[in-house]
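The values are calculated or read from the model by the stated rules, or taken from the named source; none is laboratory data. The structure presented is a predicted model; accordingly, all values stated were derived computationally and were not measured. Counting neighbours? That spans all protein chains shown, and the Cβs are built from the backbone with ideal geometry, glycine included.
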Amino acid sequence: MDISTELNGRIEYIVIPAIQKLLTDAEFEQLTIESEGSRLDRFVASIQACGETLSVIVSDSYMYENMDEARDRFFEDLRDEISETEFGWGQLRDGSSN
């Protein structure tokens, strides 16, 4: 498996579901992924929503957590970031309304 295929798989499993659950189509604008070279166990998801940028670190190092744990932690981290934005101030979204 090449690096880009594996990275895309991690993005689809960890990042995309959280965005779909926590942001409405009207809020979500863009997703940018920044990685540290060929390292697949750590990258940054920068999400544009309602004119604001939310940056969340994605880490799924097999030494510390499995992919399910990384997915759950990313969901919680993104939810916390949203609660600090102007459009989501104070909201603790659970993902059930989208």
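For GLU36, are the conditions met, namely being modelled with pLDDT of 95 or more, farther than 13 Å from ILE11 by Cβ and charged (D, E, K, R)?
no
Tally the residues that are out of contact with any helix residue (DSSP H, G or I) (no Cβ under 9 Å at 6 or more places or on another chain) and either at pLDDT 90 or above or basic (Lys, Arg) (or both), restricting the search to the stretch 45-67.
The qualifying residues number 6.
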